[in-house]
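Single-structure report; data block below.
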Amino acid sequence: MEKLLRKYAELVIKVGVNLKQGEELVINSPITASNFARIIAEEAYKVGAKRVTVFWSDEQLSKINFTYEDVETLTDIPKWLVESRNYVIDKKAAYISIVSDDPEIFMDVDPDKLSATSRATRKAMKRFGDAAMTNEIKWNVIAYPHLAWAKMISPDLSDDQAMAHLWSLIIKAMRLDVEDSVGAWKAHQDRLKSVCKTLNNLNIKTLRYKNSIGTNFSIDLPKDYYFTGSSELSKDGVEFTANMPTEEVFTAPHRLSANGKVVASMPLFYNGNRIEDFWFIFKDGKVIDFDAKIGKDILTNLLDTDNGSKYLGEVALVEYDSPIQKLNTLFYDTLFDENASCHFALGKAYPCIKNSENLSLDELLKAGINESLEHVDFMIGTHDLNIVAIDYDGKETQIFEDGNFVI
């Protein structure tokens, strides 16, 4: 296990945040992953980190706070907490966030408290959120096994067996099962970059989606769009990988262009609650109707976050035969599940248009880039999903057939 964790940490430092000599690193870690956080810190120092700081979190304590504090207290976000995240930006530090949660930890917490706190936190942390979305900082999200998470995936196994099984899945998804994991990731990134290049050369105006579970939908891309994926460039021109694992290529849609019905193909876990069997109907970009068999109240609170949360901020393409889909596992965690399925995101967009760094917020909105405090992915990919790209001359190109790329 020690050898595995060091290999994992090295991958995160070299491929995830691509840490350079003299840079600071900040790690956001749950206490359940404390040993892994320490190993990442040590690997960071080995490549020349100037300082490593860890922000610790405890989901059980968070649940106690949600239970006993009133909404006014929960939404009064301490200034010191905001400044701790702004420190990352000011120091141009790299930022790693370790996910190790019970997916249903807040299932019996008042959803109004959860949504109000989420809105207040995102508003208070807007500078930090914007810095991540615009690649002002190098950032990375990774996973570490949690017993409750493992038992959700493998309820019939013993605790030890369930944890071992979850580890085996993470090892495969992260390409830690090969001798040269860093090299394997580089090859994977090159393949996704090639897909992006093909999509960018199609001069796409509209994407049209259809499958057998009810999705019948179209959405436009803004002019000067670009698809990206696998890795990104910081504003300083340094390559990094924000999400690991990742199998997607993505871009920003035009916020006012979505029309039709989209049916989710997988459950969504949001604020520690499950949303399942849900769908949206869009008109001129906006959600005008929706339903869910489980978690409709949670979905309602999400959509009511602000005006932008009713519009789409991301279009992501993932082959149905992706390595994570082939694991044949519902992970109950968006970090993994979004990389097994094509998906959209409600809310804030990554500004994937040329010259976006020189545009104001108003100019980005005018160009069609959505703004919101939220960014929540939901999965729509199926084995029979078909996607057609239509260019500005009306030429149609089939880019997905039966769930996979055909370009």
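Each reported figure results from applying straightforward, stated rules to the coordinates on display, with no laboratory input. Treat the numbers as computed from the prediction; the structure is a model and nothing was measured. In this analysis, Cβ positions are derived from the backbone assuming ideal geometry, glycine residues included, and neighbour counts consider all displayed protein chains.
Number of Lys-Lys pairs in segment 2-144 with C-alpha atoms under 19 Å apart and a separation of 8 or more places or on different chains: 27.
The Cα atoms of the chain give a gyration tensor whose axes a ≥ b ≥ c have a/c under 1.5, which makes the shape rounded. Take 247-255, 89-97 and order them by the average number of nearby Cβ atoms within 10 Å per residue, most first; the result is 247-255, 89-97.
What does the C-alpha gyration tensor say about the overall shape of segment 192-405? Classify as rounded when a/c is under 1.5, otherwise prolate if a/b is larger than b/c, or oblate. In terms of gyration-tensor shape, rounded. Based on Cα contacts under 8 Å between residues 6+ apart, the chain shows a relative contact order of 15 percent.
Of all the C-alpha pairs in segment 242-283, what % are more than 14 Å from each other? Cα-Cα pairs in segment 242-283 separated by more than 14 Å: 68 percent. Whole-Hz Karplus values for segment 28-42 come out as 9, 9, x, 5, 5, 10, 4, 4, 5, 4, 5, 5, 4, 4, 5 Hz, taken residue by residue from phi with 6.51 cos²θ - 1.76 cosθ + 1.60 and θ = phi - 60°; glycine and proline positions read x. Taking other residues whose beta carbon is less than 13 angstrom from the beta carbon of Pro145, and scoring Lys, Arg as +1 and Asp, Glu as -1, yields -4.
For segment 326-401 versus segment 284-302, the spacing of their alpha-carbon centroids is 18 Å. When each of the peptides 38-45, 390-397, 314-321 is scored by how many other beta carbons lie within 10 Å of its residues on average, the order from highest to lowest is 314-321, 38-45, 390-397. Around the amide H of Asn404, modelled in the peptide plane, lie the amide H atoms of Tyr320, all under 5 Å away and 5 or more residues distant in sequence or on another chain.
Amide H contacts under 5 Å for Lys210: Asn386, restricted to partners 5 or more places along the chain or on a different chain, H placed in the peptide plane at 1.01 Å from N. For the listed peptides 257-266, 46-55, a ranking on the average number of other beta carbons within 10 Å per residue, highest first, reads 257-266, 46-55.
Under 5 Å from the amide H of Lys205 lie the amide H atoms of Ile390, Asp391, Tyr392, each residue being 5 or more positions distant or on a separate chain, with H modelled from the backbone and absent for Pro and chain starts.
Annotation: average projected area of segment 2-144 is 8.6 square nanometres, based on the convex hull of Cα atoms across all directions. Coupling constants for segment 247-262 follow from the phi torsions by the Karplus curve (6.51 cos²θ - 1.76 cosθ + 1.60, θ = phi - 60°), and in residue order they are 10, 9, 10, 8, 8, 9, x, 7, 4, 9, 10, 5, 9, x, 10, 10 Hz; glycine and proline get x. Can you tell me what share of the DSSP beta bridges in the chain is antiparallel? A percent to the nearest 5 is fine. Roughly 75 percent of the beta bridges in the chain run antiparallel, per DSSP. For segment 114-126, putting each phi into the Karplus relation 6.51 cos²θ - 1.76 cosθ + 1.60 with θ = phi - 60° gives couplings of 4, 5, 5, 5, 4, 4, 5, 5, 5, 5, 5, 9, 4 Hz, in residue order, rounded to whole numbers and with x for Gly and Pro.
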